[in-house]
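Structure in structure tokens, see below.
The values are calculated or read from the model by the stated rules, or taken from the named source; none is laboratory data. Being a predicted model, the structure only gives us computed values, none of them experimental. So basically every Cβ, Gly included, is an ideal-geometry build from the backbone, and we count neighbours across all protein chains shown. Heavy atoms of the whole protein, side chains included, go into the accessibility calculation; ligands, DNA and RNA do not. Shrake-Rupley method; radii C 1.70, N 1.55, O 1.52, S 1.80 Å.
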Amino acid sequence: MLINTVLMFLRELLPLCLLLATLLVWHRSLWRHFALYFVLPSALMLCLISLQMVWISELLDGLGLEFLYSFLYLSCFALLCVAARKTSYALWGSALAAACLFSISGSNLLLYIWLPTQTENTPADLVLGSALGVGIGASIAVLWYYLLTELKLWRHQSFALLLSFTGARQVMMASALLIQSDWLVAGPQLWQTEQLLSEQSELGFFLQALMGYEATPGLSQLLLYMVCLVLLFWCCSFMEKKR
């Protein structure tokens with residue numbers, strides 16, 4: 001059960017850690033303000049969702065939580081677009097985008113901790129597993145932060161492209177939830193790369209957390225992903241002009 005706890009925390013926190021590291025490179029000189037704008041909305045949103053978790057999950061014939069998560073993923077993407085497009089909204093927009101992702105990860109982790117089926121987990125397993133998951137995620141985020149720092153100094157468009165992939169990843173996650181809930185038609189499966197690069201492998205796991213890698217994407221998922229990737233990259237082009 002210890003391994004399951006580590007994997008659960010890492011799966012939920014790694015996308016958030018990578019997004020936070022990317023945004024901290026962007027707002028490195030204003031990181032204190034960014035932290036403030038991130039922490040307060042994150043705590044408020046997580047409290048509201050956790051207190052109303054049962055009520056939310058019963059909405060829309062039991063699909064309320066999936067709809068809420070889809071809305072938060074799409075809100076994260078939209079806020080990143082606004083932050084990249086408008087300099088005056090850059091700091092709070094990107095912080096709120098990270099807060100949206102944190103509320104999803106935090107809610108899933110609270111469900112995992114308090115779920116009745118997790119009674120086999122001892123308190124020691126939960127504490128140690130969560131510490132390992134957070135530590136691994138933070139370590140990867142630190143390496144990603146320094147890599148992006150050098151990359152941004154060398155070529156700003158490369159940083160903008162990686163930020164765009166990170167934002168488009170949120171749309172991929174939202175589309176997967178909408179397809180699962182029958183609110184979006186998946187369309188024909190375009191390819192199958194599970195044998196070449198499994199989502200369960202280390203590289204596949206990282207690419208899924210960073211850019212929403214999917215081994216068996218549907219047509220609607222790919223179209224949404226490409227449109228949103230181009231849109232966010234276009235918005236990021238204004239960062240270079242104003243820099």
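Take the chain, connect every pair of alpha-carbon atoms lying under 10 Å apart with a spring to form a Gaussian network, then pick out the residue of L79, L184, L16 with the largest mean-square fluctuation.
L184
Let a ≥ b ≥ c be the square roots of the eigenvalues of the Cα gyration tensor of segment 104-243; is it rounded (a/c under 1.5), or, if not, prolate (a/b larger than b/c) or oblate?
Working: a/c = 2.03, a/b = 1.24, b/c = 1.64.
It comes out oblate by the Cα gyration axes.
Oh, and also: With only Lys, Arg, Asp and Glu charged, each at its Cβ (+1 for the first two, -1 for the last two), find how big the charge dipole of segment 2-242 is about the Cα centre; round to the nearest 20 debye. Kindly include the intermediate steps, with their values, before the conclusion.
Values: 10 positive and 13 negative charges, 260 e Å.
Charge dipole of segment 2-242: 1240 debye, to the nearest 20.
Using the basic label-point model (7 angstrom from Cα toward the beta carbon), what is the Q52 to R28 distance in nanometres?
In this crude label model, Q52 to R28 measures out at 4.0 nm.
Please give the calculated 222 nm ellipticity per residue for the chain, where each DSSP H segment of at least 4 residues contributes -39500 (n - 2.57) and the sum is spread over every residue; nearest 500 deg cm²/dmol?
Details: 9 runs with 194 residues, N = 243.
After summing the helix terms and dividing by residue count, I get -28000 deg cm²/dmol.
On to the next question. Within segment 88-117, find all residues whose amide N lies under 14 Å from a label point positioned 7 Å from the Cα of L40 along Cα-to-beta-carbon.
92-93, 95-96
Given points 7 Å out from each Cα along the Cα-Cβ axis, report the F238 to L203 separation in nanometres with one decimal.
My value for the distance between the label points is 3.7 nm.
Another question, if that's okay. Compare the Cα positions of L219, F34, F206 along the charge dipole of segment 2-242 (+1 at Cβ of Lys, Arg; -1 at Cβ of Asp, Glu; about the Cα centre) and return the one farthest towards the positive end.
Most positive-ward Cα: F34.
Which one, P15, P41, P188, has the greatest fluctuation when you compute a Gaussian network model over the chain with C-alpha springs under 10 angstrom?
Its mean-square fluctuation being the largest, the pick is P188.
Counting only the heavy atoms of the protein chains, how much of T87 is accessible to a 1.4 Å probe, in Å² to the nearest 10?
90 Å²
Kindly point out which whole DSSP H helices in the chain project their C-alpha atoms 15 angstrom or further along the helix axis while averaging a Kyte-Doolittle hydropathy of 0.0 or above.
Numbers: long enough: 2-26 (35 Å, 1.93); 31-51 (30 Å, 1.52); 64-85 (31 Å, 1.51); 90-114 (36 Å, 1.42); 123-154 (46 Å, 1.20); 156-180 (37 Å, 0.90); 219-242 (36 Å, 1.39).
Sorted by number, the helices that extend far enough and score high enough are 2-26, 31-51, 64-85, 90-114, 123-154, 156-180, 219-242.
What is the distance in Å between the Cα centroid of segment 182-243 and that of segment 51-93?
Result: 18 Å between the Cα centres.
Of L207, L13, L110, which has the largest mean-square fluctuation in a 10 Å C-alpha GNM of the chain?
L110
Still on this structure, please answer the following. If you filter segment 157-193 for chymotrypsin sites (Phe, Trp or Tyr not before Pro), then keep DSSP loop positions with at most 13 other Cβ within 10 Å, what is left?
Numbers: sites: F159, F165, W183, W191; in loops: W183, W191.
Those that pass, being in a loop and sparsely packed, are W191.
Follow-up question, since we're still on this one. Considering the dipole of the chain built from charges on the beta carbon (Lys and Arg +1, Asp and Glu -1) around the Cα centre, which of L143, V6, Q170 is farthest to its positive end?
The residue sitting most towards the positive pole is L143.
What does the C-alpha gyration tensor say about the overall shape of segment 2-242? Classify as rounded when a/c is under 1.5, otherwise prolate if a/b is larger than b/c, or oblate. All intermediate terms of the calculation are to be shown ahead of the outcome.
Numbers: a/c = 1.39, a/b = 1.22, b/c = 1.14.
Since a/c stays below 1.5, the shape of segment 2-242 is classed as rounded.
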